[in-house]
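Here is the structure we will look at.
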Amino acid sequence: MKRDDTLTVTAPASGGRRRFLQTGAALAGGLLLELGGAGIRSAHAAPITDSTAGRFAPNAWVRIAPDNQVLLVVHKFDSGTGVKNALGMMLADELDADWSHVRVIQPDDPLAKAYIHPLWGMHATGGSTSVSLEWTTLRRAGATARAMLVAEAAKRWSVDPASLKTSASEVIDPASGRRFTYGELATGAATQPVPAQVTLKRPDQFTLIGKPRRSYRVVDKLTGRAQYAIDVNLPGMLTAIVVHPPVVNARVKSFNAAEVKALPGVHDVFALDIPDVIAHFRPDHAPAAVANGACQPGVAIVADHFWAAQRARKVLKVEWADSDFAHFDSDDVVREMSRRVDEPGKKSSEKGDANGAFAQAAKVVEAVYTMPYKAHAQMEPQSIVAWVKPDTVEYWGGIQVPSRCAQASETIAGVPRDKIRIHLTEAGGSFGSREGLHQVLEVTYISKRVGRPIKLLYSREDDIRGLYYQSASVHKARAALDASGHVTGFSLRAVVPSIKEPDDPGFLVKFPVDPSCTESMRADFHYDIPALDLAWVRHEPGFPIWWWRAVSFVPNVFAIESVVDEAAHAAGQDPVAYRRAMLSSRPALAAVLDRAATLAGWTPHGTQGTRDADGTQRGMGVAIYNGYQSFIAIVAEVAVKDREIAVRKVTCVVDCGIAVDPGSVHQQLAGGIHWGVSTALMNAVHIERGQVRESNFHDYPVLRIHEAPVVEIALMPPTDRQPGGIGELSNPPVVPAIGNAIFAATGQRLRATPFTLA
């Protein structure tokens, strides 16, 4: 698509705090309401900052222009999930704003203290937590703004505020028919007292929440006006690429710098020298030596544009030093993990007498399930812009974790985090990749060295080979069955490295069981089984790993839902009925299971499969779990012919409480389902002698349109329950549902992804 507009900055942004002409006061919930003021007609002209630092910590702003435009400021990153749309709808509904006049924008200072994620202690978006965490906060902001607008109108008309109504960005006096637009009231409303309490709407009063609404961003994306990091154009800006070592952690010994510098368009070429000790993402923690590949060596090529840098890459000849990973092999890692599946590990959940249940079992079903290393493979490769100046650092890009900029700025530029400016752009997917630190360290280092703004771009090959990956994993699951086939005991060993410890050194001293490795293995284990023995076996191969969409839910749910299916078969019972019998304490999960089975046309023992006249074998499989405060059931239908597996249909039923933006909920669920199909049938990173073998979509395939199954998604009727998470919900159960369907079709149990039939 041709882009007519690039984000051009003609002058450096102010390094100081911007002083607004008119601001409100602290609101209930720690909010700042800003109404009126200059330069508020443009989402880019008036960056929002914590202009009252020291007095209170603002969390969101409502800004209304005299021309009736409403700017809703939310601090969450949107990588294409539609979260900004949902958050904006929450504000706008309580405000009674005209959605056609609403614009949702990012703050200029995402590092304000109130933006720290309450669960993680850092500035970040992720974990499918944004909507649920901000459900009350942002609605209260909208309701408070509405109350102040009504108070201003009542003052002008000399009437009781309780007699007035609001609708579509207007305050209305029903008795006289008089109306004021919000824009007409904005300046005066800013002087009104801030109400100590406001009444929020009941669900039956919502006008935007839960109703299909086209995203205000669709037109920008369709016309090419949406701004990504690659669109940023700064005065004097250069483009950089980084050539990483073919073997992870290999240092640079020498390279032909003079020859490369002599090439047209090349400004500089140099080895990165990023310190091993990095500032902590928490400002009150000392710097620490991270062990997740963030300080990866490399050679930077700085040029006029990307293609000049890419041409120089072909001439660059680097002699790399030996690496400790020269003999690393991902297949060896899986074998080593497999040897540890019977270790006791660290318990993530225990209940009853598991040892006794297995000792007395009439039958024990057990199996080992494995998954390989996997790449993020988001649509847009990594790109980020940095401008290091003597007293401040500015960043532009799809930055999912602003705290990474604080770490890079303090470590590389020596600039404290309160002097950082971050301009969040659109992003073409993340799935965890944009949470990373290494690309932010690299662009900061290059800009500091060159003394100019730098746009760092990764090619697709750079992105797939440039770290990070979801770790390989091995799980052993066991189910103890009584004479009737009921599960009386359940054991699971998850053999996988820690994700938290390398990024947050010392974490496991405080929390011995890594929560990023044990999802669905704690209190969130979703079956009613009398005895549980769930544990994490920490195995550290040393290869850099990272969070990946749905993180440990993916391998953990794969193991749990697969062995439960195997237990149902061993007991001679229908897999849907078998699961339902173990969900008495989770009626919401039982309800989505029943609804999915009905929609998919499931019949008792429907997993026995059929065979067409041409030899095609067909089968259905089911999987469920609860995560992110939501409940989901998946039924997959597969067809197998000549050992080729095709997923024909996926039926998905979800209870996510109130679906704030049903359109984006469906889109995220569908995207996660397609992601899950790729995980089940395609995704695998192979590391041989320390080198990643895959490089692009030809050898790291993802689901293509012609391979995509029919997807049917249904949401359970909304309740008063606040919204649950959606962005990462749907991909974990897809893998076991497909595996169970393959068994139904062929009689073969596949316990390692990507699934292939011998």
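General observations
- Residues that are small (Gly, Ala, Ser) and closer than 22 Å to Gln668 by Cβ within the stretch 75-124 comprise Ser79, Gly80, Gly82, Ala86, Gly88, Ala92, Ala124, listed in sequence order.
- The set of residues from the stretch 149-175 being in a loop (DSSP other than H, G, I, E, B) and either open to solvent by less than 10 Å² (accessible area, probe 1.4 Å) or touching a residue at least 12 places away in the same chain (Cβ under 8 Å) (or both) comprises Val159, Leu164, Ala168, Ser169, Asp173, Ala175.
- Residues satisfying the stated conditions in the stretch 658-688, i.e. over 19 Å from the mean Cα position of the chain (by Cα) and at pLDDT below 95: Ile658
Yes or no, residue by residue, for (1) touching a Ser or Thr at 6+ places or on another chain (Cβ under 7 Å); (2) under 30 Å from His686 (Cα atoms):
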site	(1), (2)
Pro212	no, no
Tyr228	yes, no
Ala271	no, yes
Ala286	no, no
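- In the stretch 540-554 there is at least one residue that is in a helix (DSSP H, G or I) and touching a residue at least 24 places away in the same chain (Cβ under 8 Å).
- The stretch 409-421, residues that are aliphatic (A, V, I, L, M) and surrounded by fewer than 24 Cβ atoms within 10 Å (Cβ to Cβ): Ala413, Val415, Ile420
- Number of positions in the stretch 552-576 that are of a type in the set (A, V, I, L, M), open to solvent by less than 20 Å² (accessible area, probe 1.4 Å) and within 20 Å of Phe358 (Cα to Cα): 6
- Members of the stretch 681-697 that are in a loop (DSSP other than H, G, I, E, B) and in contact (Cβ under 8 Å) with a residue 24 or more places away in the chain: Met682, Asn683, Ala684, His686, Arg689, Gly690, Glu694, Ser695, Asn696, Phe697
- With respect to the stated conditions, Asp204 is over 26 Å from Asp67 (Cβ atoms) and either outside any loop (DSSP other than H, G, I, E, B) or open to solvent by 60 Å² or more (accessible area, probe 1.4 Å) (or both).
- Residues satisfying the criterion are present in the stretch 105-120 (criterion: aliphatic (A, V, I, L, M), touching a helix residue (DSSP H, G or I) at 6+ places or on another chain (Cβ under 9 Å), within 30 Å of Thr392 (Cα to Cα) and part of a strand (DSSP E or B)).
- Among the residues of the stretch 535-546, the one identified as at pLDDT 95 or above, under 19 Å from Asp503 (Cβ atoms) and open to solvent by less than 10 Å² (accessible area, probe 1.4 Å) is Trp536.
- Of all the residues in the stretch 273-309, those that are under 20 Å from Phe543 (Cα atoms) and part of a loop (DSSP other than H, G, I, E, B) number 12.
- Candidates in the stretch 80-104 are the residues that are of a type in the set (S, T, N, Q) and in a helix (DSSP H, G or I); of these, the one that is surrounded by the fewest Cβ atoms within 10 Å (Cβ to Cβ) is Ser100.
- Selection within the stretch 239-254: residues that are assigned to a strand (DSSP E or B) and in contact with a Gly (Cβ under 8 Å, 6 or more places away or on another chain). The member of this set that is most open to solvent (accessible area, probe 1.4 Å) is Val252.
- Meets criteria (more than 19 Å from His486 (Cβ to Cβ), within 30 Å of the chain's Cα centre (by Cα) and surrounded by fewer than 20 Cβ atoms within 10 Å (Cβ to Cβ)) for Arg549: no
- Single residue of Ala257, Ala321, Ala308, Ala286 found to be in contact with a Lys or Arg (Cβ under 6 Å, 6 or more places away or on another chain) and surrounded by fewer than 21 Cβ atoms within 10 Å (Cβ to Cβ): Ala321
- Filter pass, Arg146 being open to solvent by 50 Å² or more (accessible area, probe 1.4 Å) and in a helix (DSSP H, G or I): yes
The values are calculated or read from the model by the stated rules, or taken from the named source; none is laboratory data. Given the structure is predicted, the values throughout are model-derived calculations rather than measurements. Virtual Cβ from ideal backbone geometry, glycine too; neighbours counted across all protein chains shown. What goes into the accessible areas is simple: the full protein's heavy atoms, side chains included, and nothing from ligands, DNA or RNA. Shrake-Rupley method; radii C 1.70, N 1.55, O 1.52, S 1.80 Å.
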